[in-house]
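None of the figures in this text is laboratory data; all of them are computed from the coordinates on show. Keep in mind that this is a model prediction, so the values were computed, not measured. Neighbour counts run over all protein chains shown; Cβ positions are idealised from the backbone, glycine included.
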């Protein structure tokens with residue numbers, strides 16, 4: 001009986017999610033990419049038992065999801081090919097309100113939890129912020145044309161030289177940013193999970209999810225280009241930075 005109920009509940013939830021994503025996608029083409037990113041991030045987090053059982057984790061995932069959805073939707077309003085939603089639409093306002101409530105719940109759960117929960121929450125904040133940042137700058141706001149024009153004005157370079165300079169700079173930022181994402185996520189997990197190798201794997205997978213979300217979104221835009229090679233570059237940054245993540249040295253007992 002319980003198995004039948006579980007199967008029916010799963011099917012009902014599956015149909016409901018498809019309906020919501022399908023409806024949203026009619027107004028926000030590519031919305032499914034955002035939904036599946038936050039879903040995958042949630043599944044990854046819940047696969048870590050020590051993290052899943054901690055007090056701030058549900059509010060952390062809710063804050064990450066609502067923030068990513070809000071900033072993605074807001075940034076998409078600038079592109080006619082990506083969105084039919086306007087900044088003042090009730091849908092976007094409701095997402096923003098949900099984001100504020102989720103962040104407030106996260107801060108409350110951290111403040112009223114144990115010291116270990118507060119330490120965990122302190123490392124969750126930058127991990128959330130990285131997801132929020134990519135949700136916004138993966139839109140037209142993070143495109144190369146404005147950067148090229150800025151470099152031309154600042155350095156007095158020709159267009160070709162400015163394009164080369166911006167290209168190199170952007171690739172360096174890709175490598176460094178996703179390396180930092182992997183380190184932050186690994187540090188976040190290790191406050192709850194003492195095994196260093198498990199924390200490193202979590203950090204790399206978290207960075208890979210975010211990089212894939214970034215490039216998948218860009219691949220569906222007319223004025224941005226998603227690249228599999230950029231995902232590999234981001235992954236290489238995560239792997240490289242993870243080599244400096246070491247198990248903390250154990251303290252030797254003081255001699256009498």
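Exposure proxy ranking for 107, 92, based on other Cβ atoms within 10 angstrom of each Cβ and starting from the fewest, stands as 107, 92. Cβ crowding within 10 Å ranks 160, 152 as 160, 152, fewest other Cβ atoms first.
Residues 70, 191, arranged from fewest to most other Cβ atoms within 10 angstrom of their Cβ, appear as 191, 70.
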